[in-house]
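Here's the structure, in structure tokens; my notes come after.
The values are calculated or read from the model by the stated rules, or taken from the named source; none is laboratory data. Computed from a prediction, not measured in an experiment: that's the story for all the values here. Using ideal geometry, Cβ is built from the backbone for each residue, glycine included, and neighbour counts are taken over all protein chains shown. For accessibility, only protein heavy atoms count, side chains too; no ligands or nucleic acids. Shrake-Rupley method; radii C 1.70, N 1.55, O 1.52, S 1.80 Å.
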Amino acid sequence: MTAGRPTRSPLAPAQPSPAPRIVTVARRRRRLWHRLPGFAALALLHRRVEVRLAMAAAFESPPPERFGFQFAHAAWLFTVTALLHRWYFRVEAHGIEHLPAGPVLLVANHGSHVLAWDGAMIVATCLMNADPPRLAHGMAEHRLMSLPFLGAAARRIGAVDGVRATCEEILRAGGVTLTFPEGVNALRKPFRERYRLCAFGEGFMHVALATGAPIVPVAVVGAEEEAPLIFNPPWLARLLRTPVAPLSPTLFVPLPVKHRLHFGEPLWFDGPATPERVTQHVASVHSTLQTLVWRGVAERRHTFF
């Protein structure tokens, strides 16, 4: 493992970044509602989201539409997410300059129990704060992606089923993927164990070794307090056909907790994907991310401010 400049290996060659495609956004005629108080700012934000989303999508060749991404729908959904990002969760992004311009595998801790607001804030940060803007594809559990409304909405903004082949395909196209290696175990974690990482799955490391893409750890501080877990009835999970069914006193509305995202330096891994090597590399990423999380928790002054 190396941090900083990547090492090249004949067993795990780094894929060259494709040249960005040219994606244009048509200018729209100003409408009457654009002049109304408040709506003018919304129209400007929507236009900014469109421009940055076009720039981000241009990094991928072939384009992300092959996975269900729809630019027009994504622009409006990301506009809503950008509003929450700026005004509700008031996200602070630290170390966003560590995000490389080529293919990247983001590895983050999972803290949101009811809805994946932590993932949404990471994706919004990569789009609105990164330079250049990036479209991060969330790797979601298949049963969640098969839900009628949430699954369809997630696909339209770039989320995909969390399988290795899809993740590798996106990275080889020059894209960014976001994974939570703790999986659904993080959603079962009681409030007293907040910010203590569960064991990682090893799938993301196989992807990193196969593609040569760097791993950027992302510590999310704030999500653990947005909807504290009080109960996780298995019967409700079976009824909803979801991996878990966490119940929170806030129901589906998260508390306005301030989110702080800490992006670590890129980590490159190479060599054969032997069981021993994969386990060692996964433990290294786990330790790095846990340290980043504890540092972020120690640095924050208040949960809500």
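Among the numbered conditions (1) modelled with pLDDT of 90 or more; (2) touching a Phe, Trp or Tyr at 6+ places or on another chain (Cβ under 8 Å), the only one that Arg277 does not meet is (2). Take Glu299 and tell me if it is open to solvent by less than 20 Å² (accessible area, probe 1.4 Å), touching a Lys or Arg at 6+ places or on another chain (Cβ under 9 Å), of a type in the set (Asp, Glu) and under 30 Å from Met128 (Cβ atoms). The answer is no for Glu299.
What number of residues in the stretch 27-86 are small (Gly, Ala, Ser), modelled with pLDDT under 90 and assigned to a helix (DSSP H, G or I)? The total comes to 3.
Among the residues of the stretch 60-91, the one identified as open to solvent by 10 Å² or more (accessible area, probe 1.4 Å), under 29 Å from Val221 (Cα atoms) and touching a Gly at 6+ places or on another chain (Cβ under 9 Å) is Val91. The residue pairs whose first member lies in the stretch 178-201 and is on the phi > 0 side of the Ramachandran plot, whose second member is in a loop (DSSP other than H, G, I, E, B), and whose beta carbons are closer than 6 Å, counting only pairs six or more residues apart or on different chains, are Gly183/Gly201. Screening the stretch 94-209 for strands (runs of 3 or more DSSP E) wholly inside it with 3 or more residues that are open to solvent by less than 10 Å² (accessible area, probe 1.4 Å) returns the ranges 104-108, 176-179.
Residues are listed down the side, and each one gets a yes or a no for (1) within 27 Å of Arg66 (Cα to Cα); (2) modelled with pLDDT of 90 or more:
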residue: Glu141; (1), (2): yes, no
residue: Arg164; (1), (2): yes, yes
residue: Glu168; (1), (2): yes, yes
residue: Thr177; (1), (2): yes, yes
residue: Phe191; (1), (2): no, no
residue: Leu197; (1), (2): no, yes
residue: Ala210; (1), (2): yes, yes
residue: Val216; (1), (2): yes, yes
